[in-house]
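The values are calculated or read from the model by the stated rules, or taken from the named source; none is laboratory data. In this text the structure is predicted, and so the values were computed from the model without any measurement. Surface accessibility is based on the protein's heavy atoms, side chains included, excluding ligands, DNA and RNA. Shrake-Rupley method; radii C 1.70, N 1.55, O 1.52, S 1.80 Å.
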Amino acid sequence: MSDLADQRGMETAVYQPAEDSKLLADVAVESVDGSDRVLDVGTGSGYVAGRIASATAASVVASDVNPHACRQARDNAREETIPLDVVRGDCTRPFDAETFDAVTFNPPYLPRDEAAERDDWMERALTGGETGREVIESFLDDVARVLTSDGVVFLLVSTLTDIEAVAGYAADRSLAAETAREESFPFERLAVLRITEEH
Ligand SMILES: C[S@@+](CC[C@H](N)C(=O)[O-])C[C@H]1O[C@@H](n2cnc3c(N)ncnc32)[C@H](O)[C@@H]1O
């Protein structure tokens, strides 16, 4: 691929920050402590990770399954001189156990619309399978492993994803979910769930 084609691919293939990104970043910035180690899963452009790293002294790692997103997050951080390590991988699976005090994730959460279905990185940024919860559930299956004992997860969810179903799935894995903040929009209500391990 030429450099230009590669750059065009990056522009169209990476989710750019929106209301959901901002809501999650606002909650995370207020909650993260300067001594924390933080992981931002599904970082996209690196917006949430960058907000946390620049507003707090926390050390932040960002990850995404999309290689274009990893490159864009790295480039944006470099441009803004924000210290950020970026790792390509599936949810929390590349990371060692008990590594992070806080994990943030603004996941793909829309139920698949078969009529409009595409097979590209933007589809993977937006859509979480038939229920909208496939990536969220995969994330919840492993996230407790990478948390320190009093670690916390901030997960962005939408009424389009069925917030109760997400909280129920978490509870089945001994994870307690409470709403940290919510905001209503014309077609959905967004919420940031604060999730901790039940000890
Ligand atoms: C809704 S976008 C959010 C992007 C960014 N965090 C923000 O708030 O602007 C979801 C992101 O999750 C990434 N993603 C999807 N499936 C993933 C997986 N299994 N593991 C890691 N990242 C994933 C997508 O590539 C996309 O960048």
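Couple of notes before you dig in:
- Working note: Karplus 6.51/-1.76/1.60 with θ = phi - 60° gives the stretch 91-107 the couplings 6, 9, 5, x, 9, 6, 5, 6, 9, 10, 7, 8, 10, 10, 7, 9, x Hz, where Gly and Pro are set to x.
- DSSP bridge pairs, the chain: antiparallel proportion in percent, nearest 5: 45 percent
- Amide H contacts of Val87: Ala62, Ser63, Asp64, each under 5 Å away and 5 or more positions distant or on a separate chain (H built 1.01 Å from N in the peptide plane; Pro and chain starts excluded).
- Per residue convex hull volume, Cα atoms of the chain, in Å³: 114 Å³
- 3J(HN,Hα) from dihedral phi, the stretch 76-81, Karplus parametrisation 6.51/-1.76/1.60, rounded to Hz, x for glycine, proline: 4, 5, 5, 4, 8, 6
- Structure remark: mean-square fluctuation, Gaussian network model of the chain, C-alpha springs under 10 Å; the largest value among Thr56, Thr81, Thr148 belongs to Thr81.
- In units of the rule-of-thumb radius 2.2 N^0.38 Å, the stretch 72-125 shows an alpha carbon radius of gyration of 1.50.
- Accessible surface computed residue by residue for the chain, with neighbouring protein chains in place and a 1.4 Å probe, gives 49 Å² per residue.
- Computed over the chain with a Gaussian network model linking Cα atoms closer than 10 Å, the most mobile of Glu182, Glu79, Glu123 is Glu79.
- For Arg189, distant residues with modelled amide H under 5 Å away: Thr159, Leu160
- A simple rule links phi to the HN-Hα coupling: the Karplus curve 6.51 cos²θ - 1.76 cosθ + 1.60 with θ = phi - 60°, which for the stretch 142-153 gives 10, 4, 4, 4, 8, 7, 5, 4, 10, x, 9, 10 Hz, with x for Gly and Pro.
- Put simply, the amide H of Arg181, placed in the peptide plane, has neighbours under 5 Å in Val192, leaving out anything fewer than 5 places away on its chain.
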